[in-house]
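These notes concern the structure reproduced below.
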Amino acid sequence: MSSPALLPRLWTAFLDLLYTRRCEVCECQIGAGRTGAARWLCDGCLQNLPEVHAPFCSRCGEPYHGAITDAFQCGNCQDLRLHFEFAIAGYRADDAVRELIHRFKYQRELHLRGLLTCLLSRVLQDARLASADRESWLLVPIPLHHARRREREYNQSWELCTRLTQLHRIPSLEALQRVRATTPQASLSRRERLANLKRAFRVKPSLVRRGRLKGKTILLIDDVLTTGSTASECAKVLLQEAGAARVWVLTVARG
């Protein structure tokens with residue numbers, strides 16, 4: 001009897017044979033039977049994605065050019081009180097990566113969640129994660145306010161969480177709620193961002209009462225990390241309200 005994990009792969013292989021697949025970036029035809037991100041991208045476009053490589057800030061994941069061999073924190077992180085231990089992204093939010101995320105997030109191209117989850121999976125190769133014990137891991141998405149979610153019809157971060165669970169068997173849980181609508185962060189100063197996010201998030205009370213997150217290592221999932229203010233505020237309530245042991249931030253891209 002086929003295992004539950006095998007059936008989706010067989011169905012995918014059948015569809016690849018039935019329909020012509022095209023690269024999601026350049027639209028050239030790509031062959032059947034490809035795996036991982038190569039199911040959606042041709043070899044050339046896949047190789048041209050702007051990967052995040054060392055050196056990068058050990059706290060926020062901001063990549064830097066130059067010959068820096070030791071671990072370091074950027075000047076921005078040294079001036080901030082961030083509540084997550086570290087953030088890591090697989091790619092820079094440039095060119096094709098930015099366009100793919102925009103299509104997934106704002107144009108309802110939900111089929112791209114498979115590709116973006118494969119790109120996000122690259123961060124699991126980071127030495128800090130690869131050597132860690134996964135027993136206490138829990139994937140938690142950055143939440144949308146209910147009005148925004150109703151408008152968009154889905155939370156892109158939760159879509160990434162559920163696919164990561166399927167690929168890597170790491171449990172996921174919608175543990176956070178955005179209880180107050182906020183102004184878009186991009187137009188605000190650092191001080192305004194912090195004030196804008198104050199008391200905007202909470203852990204679901206039922207989960208706090210049952211201690212579902214107590215002692216857990218939370219992998220906070222989102223599509224892009226920019227300033228880190230939103231992720232830090234979410235990490236704060238996970239630590240203080242739910243008793244999480246630590247929070248790491250994993251994103252497809254670093255803005």
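The values are calculated or read from the model by the stated rules, or taken from the named source; none is laboratory data. Note that the structure is predicted; figures quoted are calculated from it, not measured. Cβ placement follows ideal geometry from the backbone for every residue including glycine, while neighbour counts extend to all protein chains displayed. Surface accessibility is based on the protein's heavy atoms, side chains included, excluding ligands, DNA and RNA. Shrake-Rupley method; radii C 1.70, N 1.55, O 1.52, S 1.80 Å.
One table, with the values for the structure above:
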{"quantity": "Net length gained if the chain between residue 29 and residue 134 were fully extended (0.36 nm per residue, minus Cα distance)", "calculated": "34.0 nm"}
{"quantity": "Gyration tensor (Cα) of region 126-255, equivalent ellipsoid semi-axes in angstrom", "calculated": "23, 17, 15"}
{"quantity": "Span from the region 93-111 Cα centroid across to the region 208-235 one, whole angstrom", "calculated": "23"}
{"quantity": "Acute angle (nearest 10 degrees) that the helix 6-18 long axis makes with the longest principal axis of the chain, alpha-carbon atoms", "calculated": "50"}
{"quantity": "Of all accessible heavy-atom area on region 20-106, the percent that carbon and sulfur account for (1.4 Å)", "calculated": "44"}
{"quantity": "Structure-based [θ]222 nm, the chain - -39500 (n - 2.57) summed over DSSP H runs of at least 4, per residue, nearest 500", "calculated": "-10000 deg cm²/dmol"}
{"quantity": "Distance between modelled label sites at residue 43 and residue 78, nm, 7 Å Cα→Cβ extension", "calculated": "4.5"}
{"quantity": "Length released on extending from residue 102 to residue 68, taking residue separation times 0.36 nm less the Cα-Cα span", "calculated": "9.0 nm"}
{"quantity": "Net length gained if the chain between residue 53 and residue 206 were fully extended (0.36 nm per residue, minus Cα distance)", "calculated": "51.1 nm"}
{"quantity": "Whole-number accessible area per residue in Å² for the chain, which is evaluated in the context of all protein chains at 1.4 Å", "calculated": "54"}
{"quantity": "Long-range lysine pairs (8 or more apart or interchain), the chain, Cα under 19 Å", "calculated": "6"}
{"quantity": "DSSP bridge pairs, the chain: antiparallel proportion in percent, nearest 5", "calculated": "25"}
{"quantity": "Acute angle (nearest 10 degrees) that the helix 95-106 long axis makes with the longest principal axis of the chain, alpha-carbon atoms", "calculated": "80"}
{"quantity": "Projected label distance in nm at residue 22 and residue 111, using a 7 Å step from Cα toward the beta-carbon", "calculated": "1.0"}
{"quantity": "Taking the chain and dividing mean pair separation by its residue count, relative contact order in percent (alpha carbons under 8 Å, at least six apart)", "calculated": "20"}
{"quantity": "Principal-axis tilt of helix 112-121 within the chain, Cα atoms, nearest 10 degrees", "calculated": "60"}
{"quantity": "Fraction of accessible area attributable to carbon and sulfur, region 205-255 (%, probe 1.4 Å)", "calculated": "46"}
